[in-house]
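A.B. asks: Here you go, one structure.
The values are calculated or read from the model by the stated rules, or taken from the named source; none is laboratory data. The model shown is predicted, which means the values in this text are computed figures rather than measured ones. In this analysis, Cβ positions are derived from the backbone assuming ideal geometry, glycine residues included, and neighbour counts consider all displayed protein chains. For accessibility, only protein heavy atoms count, side chains too; no ligands or nucleic acids. Shrake-Rupley method; radii C 1.70, N 1.55, O 1.52, S 1.80 Å.
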2 protein chains.
Amino acid sequence: MSQKIINTDDLAFLLYELLDIERFTQFPRYEDHSRDTFDAAIELALKVASETFAPHNHACDEDEPRFENGKVVIRPEVAEALKVLRDTGLMAASQDYERGGMQLPAAVSQTCIGLIKGANVSTQAYAGLTIAACNLIMAHGTDEQKQRYAEPMMAGRFFGTMCLTEPHAGSSLGDIKSRAVPQDDGTYRISGNKIFISAGDHELSDNIIHLVLAKLPDAPPGAKGISLFIVPKFLVNDDGSLGERNDVTLAGLIHKMGYRGTTSTMLNFGEKGGAVGYLVGEPHNGLAGMFHMMNEARLGVGLGSVMLGYTGYLHALEYARERSQGRPLKERDPATPMIPIIEHADVRRMLMAQKAFVEGGLALCLYTATLIDEKKHADDPAVREEAAGLNDLLTPIVKSWPSQFCLEANSLAIQVHGGYGYTREYPVEQFYRDNRLNPIHEGTHGIQGQDLLGRKVAMQGGKHYQVLLGRIRSTLDACAAIAELEDGAQRLTADLETLEEITEVLQALRKTDPERALANAYLYMECFGHVLVGWLWLRQAQVALEALQNGGERPESFYRGKLHACDYFLRYELPKPMALASVLRDADRTTLDMPAECF
Amino acid sequence: MSQKIINTDDLAFLLYELLDIERFTQFPRYEDHSRDTFDAAIELALKVASETFAPHNHACDEDEPRFENGKVVIRPEVAEALKVLRDTGLMAASQDYERGGMQLPAAVSQTCIGLIKGANVSTQAYAGLTIAACNLIMAHGTDEQKQRYAEPMMAGRFFGTMCLTEPHAGSSLGDIKSRAVPQDDGTYRISGNKIFISAGDHELSDNIIHLVLAKLPDAPPGAKGISLFIVPKFLVNDDGSLGERNDVTLAGLIHKMGYRGTTSTMLNFGEKGGAVGYLVGEPHNGLAGMFHMMNEARLGVGLGSVMLGYTGYLHALEYARERSQGRPLKERDPATPMIPIIEHADVRRMLMAQKAFVEGGLALCLYTATLIDEKKHADDPAVREEAAGLNDLLTPIVKSWPSQFCLEANSLAIQVHGGYGYTREYPVEQFYRDNRLNPIHEGTHGIQGQDLLGRKVAMQGGKHYQVLLGRIRSTLDACAAIAELEDGAQRLTADLETLEEITEVLQALRKTDPERALANAYLYMECFGHVLVGWLWLRQAQVALEALQNGGERPESFYRGKLHACDYFLRYELPKPMALASVLRDADRTTLDMPAECF
């Protein structure tokens, strides 16, 4: 734990004891793998994270990318770290062997990338965006596009971006104005202005492959008229060599509160007549393509939040063990030595909250990653279908829950440090600033709440939702019969029943008065998320208790910590969002009824 | 509202309709004053805040003070703004006429300083610390000290600091190591290292008066052995002219997440043999002196939090009115125009939360300020005593509640802005970073919770607590009989009863098992704070309803907004901390029982 990125006991517990990812070696795709190869990849990622990514995390925050002579100047450690990452092959961890990948399960590849995120989320972003863009081309591109653009991305020679947002259109993507005009040669000329394009320009890679949303001249209005294009910074010749500079101009850099090492740009396409673009997938169907990969992108945001929260927690824990301050309440003699602050109940409360949030959040992210593996590669079509449905259902929560509660963990990490935590001489304030982006990008909390309550819960007549309820109930039934877990099971059972009742009310109301039904969708998502994470905590407690009784690979104190943290989450955290059950049950109109002029 | 520091309707409502501060003109001390003179001071402060302090707020964040050639270099706008403030006389707003002050009630002087805080909390801090240090000398110094040090501070020629914290002793002040050795001439030689000294060195004023905690050679151990000293940067001659440089050395600057315009320093006293210091008050009684003024200092922190939240709210409100994005849920035609985001229920929820927090927080701070006026200057000794007791009781909440919930308001202001809110091109991210200091300095949440539950509630057999309950119950009785307020009164009544029950349980337990009774003191404070602010919201609703029925000075929409915001607070916010009532009632041991090795 010395590198303070992850508790390796916890990671192994989640992957092997809770989620049993060794079972994936029975999937034909992963048959060459074993726990050893999984661990080797994870150890490699942790080594790269600790030795190459973490050391310049602070420097890139203090010395952010600059716009000089039309170019983006970035500290040299970034290029060096990305070269190391590329050389490990980890950028293609989940890709096929035949394309040079490691063909690792998502649970392992996400773990690897998560460790890098925890060490330096800003430098990681260049690689993360590249992997995401590459995956999109792999899913929707032609063979020629895969070969020409995606393969150099897997190899880390080309980097990628996602160009969605425009100055007037963020959440409302259907309103983008960028245009794509078809040419006789089958290419398109793209023009328009994009904003908040992370990694939009730099000198870190030979080329940058922009994935750009734009509209064709005959596009229907709204989201159903969006098409997706590959727009490379440098055109790529048939032999893979670089051709001329495309008509993509860096209009300026955006300066952020955190995540400062990742350059955020404004890009102008077609200032000189039109950037050359290549259609990906069907015309007007670009958003569907983009959303196809959103499940993974949103998992990526959630995982990044968790890992920022996790490293903050480990820093706070070390500080709380080493920093002495004050005395026990019953000690009246000021001449006695001060005690480590971890001995104070309020500090312990803040550490338990962090532990509950970050370990619970990591369980959520890795559980979701196993669904990706199952939906893609399980033998049984029923397993695949169920996993795909659950993955769809959980996506808005996996994106939002960690970005809310692991951000809160980062705030608590500052609080544990006291005045020192507020200074830039300690790293926890940077984690907090970095993490504050996560509730915003890839869809705000508000958007995710609407997605969950307005779409996902009702999909296929509520089928995926029912599958999840079934899994939770099965844990509750098992735990109700175990003395040590009975209390926790009772608490969660009550809240699960409340959630079911609320869901029923709101789903019925959605048909007649969707505005009212969805007015508090965000609060609904908070309840749902806490019940879900509460379940994953109860599952962890169940597994930990078995290990305590039958002997486990890890120290007894580790397993006992899981039982305590489960207790903490169910007693201290679960009740908070559930306190608004009546607001949801009544489909409270307070926010709808407030006239805009009354603010 | 164009300057986005305050809603002037709200301010006037709170001061004159809710708190009726015109009644203070009947106090002999304020008999020369009238609503006109109050308003004139407030308007002056708002003008200075808007025109002189706000414009360089962002610049000082981006270009923080630097340590160059042993001196602190600060942007010139800071000195200019402080000169303007000094010239207005507002630095002595609450001081006696005979010392050159304006002799304004605390409710007015705090309002004035609050407006400056909302415009630029970092530049204000130089003045705020000076006022606080000056007040301490006025309360505990000799006449000669008042004349030699405090009067030039009121005039803004000298600035002040509070030197409490040392690298190893923050919350645990009894463990400071700084030493003071008495000299034959009645002065002392001070030596030691202090850290986190805001405004500890600069060239903004002719002199800096450090108020330093140190221990005499014969000091008893712990907090009962702390003495308080005046240690000027330059010695002051009998005629008020400056003498030689004292032995106070700037050891370095601390770089912070926010509040960057206020230089935070490490100071070494006595590197060259001992800094000349002058004892303030009795030996070994320095902490009592310091705490005497803590009520006002902690109100200052709370007020600063409120004003940062308030300006963030007004920025978010303007953005939400001007920014168009998306369409109503029922609108299926993407060719229709987009709507302002204030029309979306989730954005309205975030604005209502901000309104409830910042207007509720301002009501709390100004209510507390009226207690300061009453305790000092009311004719009736019973009124003075009751106000003093209430002020003591409320201090930990006034410090903590705003610094928690108005920080949350700042986070919501970012969220309303979406991606733009995360950039430094918009001001809301700075407000959030600036405000993150407030839960830490002047005593963390943990310290305040212990003060409330472990001391204040029980003081004088719970007398002050009972006075507060009486005031709340009287509002509840009145509102229960008003149709429009009955529902709110019922909600608050239930939670007040819960709070009373919890208080009884924990106060009884405190006698036998203080560690367990106080383990969740922070959560107790959350409940107490929400009941208190809930009461102030119900009071506001009561006053607004009367104005709607009988005609008020402000627009009808303003008063209706108060009713809506009260509803929001009682329905959406009050239940959250109360959800942990059972944790408190059971004196839950979860955090106590977690062994340190299980993390």
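A.B. asks: Leaving out ligands, DNA and RNA, what percent of the accessible area of chain A is carbon and sulfur, probe 1.4 Å?
C.D. replies: Numbers: 9790 of 20290 Å².
Carbon with sulfur: 48 percent of the solvent-accessible area.
A.B. asks: If we count every other residue with Cβ under 12 angstrom of A:Leu44's Cβ, Lys/Arg +1 and Asp/Glu -1, where does the sum land?
C.D. replies: Working: positive: A:Lys47; negative: A:Asp39, A:Glu43, A:Glu51, A:Asp87.
Neighbourhood net charge equals -3.
A.B. asks: Quick check on chain B: helices-only [θ] at 222 nm, where DSSP H runs of length 4 and up contribute -39,500 (n - 2.57) each and the sum goes over total residues. Nearest 500, please.
C.D. replies: Numbers: 21 runs with 310 residues, N = 599.
Computed mean residue ellipticity for chain B: -17000 deg cm²/dmol.
A.B. asks: Using the 7 Å Cα-to-Cβ label point, sort the distances from B:Phe27 to its equivalents in the other copies shortest first and give them in nm to one decimal.
C.D. replies: So the distances to the same position in the other copies read 7.2 nm.
A.B. asks: In nm, one decimal, shortest first: how far is the label point of B:Ala59 (7 Å from Cα along Cα to beta carbon) from the matching points in the other copies?
C.D. replies: Values, ascending and in nm: 3.2.
A.B. asks: Now a separate question. Set the Förster radius R0 to 25 Å, insert the Cβ-Cβ distance between A:Arg585 and A:Phe291 as r into 1/(1 + (r/R0)^6), and round the FRET efficiency to 0.05. Provide the component values of the computation, followed by the final result.
C.D. replies: Numbers: r = 31 Å, r/R0 = 1.25.
Efficiency at R0 = 25 Å is approximately 0.20.
A.B. asks: Over all directions, what mean area does the Cα convex hull of the protein assembly as shown project, stated in square nanometres?
C.D. replies: Numbers: hull surface 181.9 nm².
Mean orientational projected area (the protein assembly as shown, Cα hull): 45.5 nm².
A.B. asks: Nearest to the axis that maps chain A onto chain B: list the chain A residue whose Cβ wins, with the distance in whole angstrom.
C.D. replies: Measuring from each Cβ to the axis, the minimum is at A:Ala579, 2.
A.B. asks: With all protein chains present, calculate the accessible area of B:Phe158 using a 1.4 Å probe and round the result to the nearest 10 Å².
C.D. replies: The accessible area comes out at roughly 0 Å².
A.B. asks: What FRET efficiency do you get for B:Gln466 and A:Glu425 if R0 is 35 Å and r is their Cβ-Cβ distance, rounded to the nearest 0.05? Don't skip to the answer; put the middle values down first.
C.D. replies: On the way: r = 46 Å, r/R0 = 1.32.
Efficiency, from the Cβ-Cβ distance: 0.15.
A.B. asks: Using Cα-Cα distances under 8 Å and only pairs 6 or more residues apart, what relative contact order does chain B have, in percent? Spell out each step's value before the answer.
C.D. replies: Details: 1032 pairs, mean separation 71.5, N = 599.
The value is 12 percent.
A.B. asks: Give me the accessible area per residue for the protein assembly as shown, probe 1.4 Å, as a whole number in Å².
C.D. replies: Numbers: 40600 Å² over 1198 residues.
Accessible surface, normalised per residue, equals 34 Å².
A.B. asks: Roughly what angle does helix B:459-480 make with the longest principal axis of chain B, taking Cα atoms, 0 to 90 degrees, to the nearest 10?
C.D. replies: Approximately 30 degrees, to the nearest ten.
A.B. asks: Still on this structure, I have one more. Taking every alpha carbon pair in the stretch A:8-154, what does the distance histogram look like in 5 angstrom bins from 0, in percent?
C.D. replies: All Cα pairs, binned at 5 Å, distribute as 2, 9, 17, 19, 17, 16, 10, 5, 2, 1, 0 percent.
A.B. asks: Also, I was wondering about something else. Chains A and B: what accessible area do they bury, summed, in square angstrom to the nearest 100, with a 1.4 Å probe? Don't skip to the answer; put the middle values down first.
C.D. replies: Values: alone 24510 and 24510 Å², together 40600 Å².
Interface area, both chains combined: 8400 Å², rounded to the nearest 100.
A.B. asks: For the stretch A:444-589: lysine pairs with Cα atoms under 27 Å, gap of 8 or more or different chains, count?
C.D. replies: Counting lysine pairs in the stretch A:444-589 gives 4.
A.B. asks: Quick one: angle between helix A:521-550 and the longest Cα principal axis of chain A, in degrees between 0 and 90, rounded to 10, please.
C.D. replies: Helix A:521-550 sits at roughly 60 degrees to that axis.
A.B. asks: Pop out a list of residues from the stretch B:569-599 that are at least 50 Å² less accessible with all the protein chains around than in their chain alone; 1.4 Å probe, no ligands or nucleic acids counted.
C.D. replies: In the stretch B:569-599, residues shielded by partner chains: B:Arg571, B:Tyr572, B:Lys576, B:Leu580, B:Thr590, B:Thr591, B:Met594, B:Ala596, B:Cys598, B:Phe599.
A.B. asks: Same structure, new question: Only Cα pairs under 8 Å and at least 6 apart count here; give the relative contact order of the stretch B:445-588 as a rounded whole percent.
C.D. replies: On the way: 127 pairs, mean separation 44.3, N = 144.
It rounds to 31 percent for the stretch B:445-588.
A.B. asks: I need the calculated FRET efficiency for the pair A:Asp487 and A:Ala596, taking r as the beta carbon distance and R₀ as 41 Å, to the nearest 0.05.
C.D. replies: Details: r = 47 Å, r/R0 = 1.14.
So the FRET efficiency works out to roughly 0.30.
A.B. asks: Here is the link list: B:Lys47/B:Lys146; A:Lys399/B:Lys256; B:Lys177/B:Lys224; B:Lys194/B:Lys215. Which ones come out longer than 19 Å on Cα distance? All intermediate terms of the calculation are to be shown ahead of the outcome.
C.D. replies: On the way: B:Lys47/B:Lys146 30 Å; A:Lys399/B:Lys256 30 Å; B:Lys177/B:Lys224 13 Å; B:Lys194/B:Lys215 13 Å.
With Cα atoms farther than 19 Å apart: B:Lys47/B:Lys146; A:Lys399/B:Lys256.
A.B. asks: Can I ask one more? Can you sort A:Val358, A:Val84 by 1.4 Å-probe accessible area, starting with the largest? Show your work: numbers first, answer last.
C.D. replies: Working: A:Val358 0, A:Val84 55 Å².
So, going from the largest accessible area down, we get A:Val84, A:Val358.
A.B. asks: Checking buried surface per residue: for the stretch B:252-271, which residues lose a minimum of 40 Å² accessible area in the protein assembly relative to the chain alone (1.4 Å probe)?
C.D. replies: B:His255, B:Met257, B:Arg260
A.B. asks: Still on this structure, I have one more. Quick one: work out Rg over Rh on the C-alpha atoms of the stretch A:399-528, Rh as Kirkwood radius.
C.D. replies: Details: Rg = 18.7 Å, Rh = 17.2 Å.
Answer for the stretch A:399-528: 1.09.
A.B. asks: So if I average 1/r over every pair of distinct C-alpha atoms in the stretch B:445-588 and take the inverse, what Kirkwood radius in Å does that give? All intermediate terms of the calculation are to be shown ahead of the outcome.
C.D. replies: On the way: mean 1/r = 0.0624 Å⁻¹.
Final number for the Kirkwood radius of the stretch B:445-588 is 16.0 Å.
A.B. asks: Related question: Could you tell me how many degrees, from 0 to 90 and to the nearest 10, lie between the Cα long axis of helix B:345-377 and the main elongation axis, the longest principal axis, of the Cα atoms of chain B?
C.D. replies: Taking Cα atoms only, the helix is inclined about 50 degrees.
A.B. asks: Which of B:Gly419, A:His377, A:Tyr559 sits farthest toward the positive end of the charge dipole of the protein assembly as shown, with +1 on the Cβ of Lys and Arg and -1 on the Cβ of Asp and Glu?
C.D. replies: Looking along the dipole axis, the top candidate is B:Gly419.
A.B. asks: A:His168 to A:Val73: extension gain in nm, 0.36 nm per residue of separation minus the Cα-Cα distance? If you can, show how the numbers build up before the last one.
C.D. replies: On the way: separation 95, 0.36 × 95 = 34.20 nm, distance 2.78 nm.
So the chain would gain 31.4 nm between A:His168 and A:Val73.
A.B. asks: With an 8 Å cut-off on Cα pairs and a minimum separation of 6 or more residues, tell me the relative contact order of the stretch B:158-280 in percent. Spell out each step's value before the answer.
C.D. replies: Working: 295 pairs, mean separation 38.0, N = 123.
Reported as a whole number, the value is 31 percent.
A.B. asks: Are there any residues in the stretch A:535-562 with a reduction of at least 40 Å² in accessible surface when going from the isolated chain to the assembly of protein chains? Probe 1.4 Å, please list them by number.
C.D. replies: Residues passing the criterion (a loss of at least 40 Å², heavy atoms only) are A:Ser557.
A.B. asks: Under 5 Å between amide H atoms, partner at least 5 residues away or on a different chain: which partners does A:His255 have, H built in plane at 1.01 Å?
C.D. replies: Hits under the 5 Å cutoff: B:Arg424, B:Glu425.
A.B. asks: Something else now. Please list log₁₀ I(q)/I(0) at q = 0.06, 0.10, 0.12 Å⁻¹ for chain A, using the Debye equation with identical point scatterers on the alpha-carbon positions.
C.D. replies: Once normalised to I(0) and log-transformed, intensities are -0.32, -0.90, -1.29.
A.B. asks: Something else about it: Quick check of the Kirkwood formula: for the stretch B:195-349, what is the inverse mean of 1/r over all pairs of different Cα atoms, in Å?
C.D. replies: Details: mean 1/r = 0.0492 Å⁻¹.
Radius from the Kirkwood sum: 20.3 Å.
A.B. asks: For the stretch A:159-284, what does the alpha-carbon gyration tensor say about shape, rounded, prolate or oblate, given a ≥ b ≥ c as the root eigenvalues, a/c under 1.5 as rounded, and a/b over b/c as prolate? Kindly include the intermediate steps, with their values, before the conclusion.
C.D. replies: Working: a/c = 1.96, a/b = 1.09, b/c = 1.81.
In terms of gyration-tensor shape, oblate.
A.B. asks: If the label for A:Asp379 sits 7 angstrom from Cα along the Cα-to-Cβ line, what are its distances to the same label in every other copy, in nm to one decimal, shortest first?
C.D. replies: 9.4
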